[in-house]
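Scroll down for the structure; my scribbles are underneath it.
The values are calculated or read from the model by the stated rules, or taken from the named source; none is laboratory data. Keep in mind the model is a prediction, meaning the values are calculated, not measured. We place every Cβ from the backbone using ideal geometry, glycine too, and count neighbours over all the protein chains shown.
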Amino acid sequence: MPLMGEEEKRAVLGVLESGQLAQGPRVREFEESFARMCGVREAVAVSSGTAALVVALLAHGVGVGDEIITTPFSFVATANAVLLAGARPVFVDVREEDFNIDPALIESRITPRTKALLPVHLYGHPCDMESIAAIAARHGLALIEDACQAVGASAAGRKVGSFGTGCFSFYATKNMTTGEGGMITTDDPSVAEKARRIRDHGQVERYESELLGYNFRMTELAAALGLAQLGKLESFIEGRRANAQYLSEHLQGVQTPGERPGFRHVYHQYTVRVAAGRDELAGRLREDGIETGVFYSVPIHRQPLYRGLGYRDSLPLAERLSQEVLSLPVHPGLSRADLEAVVASVNRSAVTAGGGGG
Ligand SMILES: Cc1ncc(COP(=O)(O)O)c(C=O)c1O
């Protein structure tokens, strides 16, 4: 359940009373506030995280014949955006530490056709951005961050979305939401300028189109919600982090998520690893009234769409994780009693199953 308060209600009513519903001054204000939060020069608001990815790829000149290196262990939108831009995703397996793309495996997949790296900050834990940015620089590749799950996260003191071109989602379940919505962040004014045009049918002046684009504009209603939610982002994140800490201190029999030193995990998902019997554990939690999620039960290269496109990669860790991950409730609206119920249910189940994990 998204946390919506009086601020959001007043903000949306204000838009309705203003008479300006489509992209206007509130979108601009939301972009400026978001850029400040990320520590970047420019932000471009769009209609979804998927739109942010497609526009970011196109703004970097990605097109037919290009290869984009990314992770197979993400929401399918990450790779679909690459296909929609006319390019081909190349999948590199993830690493044990944080389930994010393994920088040590990237260089072996770079070819003369590689145009960009597209790491995903899965569940809200940043990728190893220093290593990944160094690889991109060494090979002259664009760096696009899928930060759709990681708004407000940071690595080595820098916010995600500030290492390369950042792509964010404000879908209803995200750590801050506008219902549907997205944002592109960049320090490069030419990327921002191109993204603004692609968002709006390539127009510079009204009715003067220079390049092919879409209608991926954000509404004033969404921007008003976004501004109100952005003001609460820190408290939402701190709520999630406190809940995650409680769970990690009390859960038994499962592998709890780690946080790399110097990194800030924003726990879009609190995901444990269950060595055996993940689906049985989820079933027992459901009997206790606790909803869990599996993100993702099929890695992208194993999706029917990608099998049909000829993908036959073997990516062992992504494939194993898809059988072992389980996301537990971590929402900032949870009470202490809710958290105690989650812990009691998991630990009871783990005892019944004879422990495991670690
Ligand atoms: C990792 C990742 N990439 C991309 C997206 C796409 O965002 P949206 O649903 O706003 O299009 C999402 C979220 O849904 C996501 O979790």
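Computed values, structure above
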| quantity | calculated |
| --- | --- |
| The lone exception for residue 67 - which of (1) more than 21 Å from residue 186 (Cβ to Cβ); (2) touching a residue at least 12 places away in the same chain (Cβ under 8 Å); (3) surrounded by fewer than 18 Cβ atoms within 10 Å (Cβ to Cβ) it fails | (3) |
| Among (1) at negative phi; (2) over 23 Å from the mean Cα position of the chain (by Cα), the one test that residue 202 misses | (1) |
| Scan of region 163-195 for residues that are among the polar types (S, T, N, Q), outside any strand (DSSP E or B) and away from the ligand (no atom under 12 Å from the Cβ), ordered by number | 190 |
| Residue within region 206-213 that is within 16 Å of the ligand (Cβ to nearest atom), farther than 20 Å from residue 240 by Cα and not acidic (Asp, Glu) present | no |
| Top-ranked residue in region 97-123 [being in contact (Cβ under 8 Å) with a residue 40 or more places away in the chain and among the hydrophobic types (A, V, I, L, M, F, W, C); ranked as farthest from the ligand (Cβ to nearest atom)] | 110 |
| Candidates 94, 44, 90, filtered to the one that is under 30 Å from residue 189 (Cβ atoms), β-branched (Val, Ile, Thr), buried (at least 18 other Cβ atoms within 10 Å of the Cβ) and within 16 Å of the ligand (Cβ to nearest atom) | 44 |
| Answer from 133, 156 - the residue that is at pLDDT below 95 and either closer than 17 Å to residue 78 by Cβ or of a type outside the set (Val, Ile, Thr) (or both) | 156 |
| Output for region 48-70, where each listed residue is part of a helix (DSSP H, G or I) and within 22 Å of residue 107 (Cα to Cα) | 57 |
| Residues satisfying the stated conditions in region 188-199, i.e. of a type outside the set (A, V, I, L, M) and in contact with a strand residue (DSSP E or B) (Cβ under 7 Å, 6 or more places away or on another chain) | 189, 196, 197, 199 |
| Odd one out for residue 34, checked against (1) within 15 Å of the ligand (Cβ to nearest atom); (2) farther than 22 Å from residue 268 by Cβ | (2) |
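Residue-by-condition table, conditions (1) closer than 30 Å to residue 194 by Cα; (2) at pLDDT below 95; (3) assigned to a loop (DSSP other than H, G, I, E, B):
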| position | (1), (2), (3) |
| --- | --- |
| 227 | yes, no, no |
| 244 | no, no, no |
| 249 | no, no, no |
| 259 | no, no, yes |
| 306 | yes, no, no |
| 318 | no, no, no |
| 323 | no, no, no |
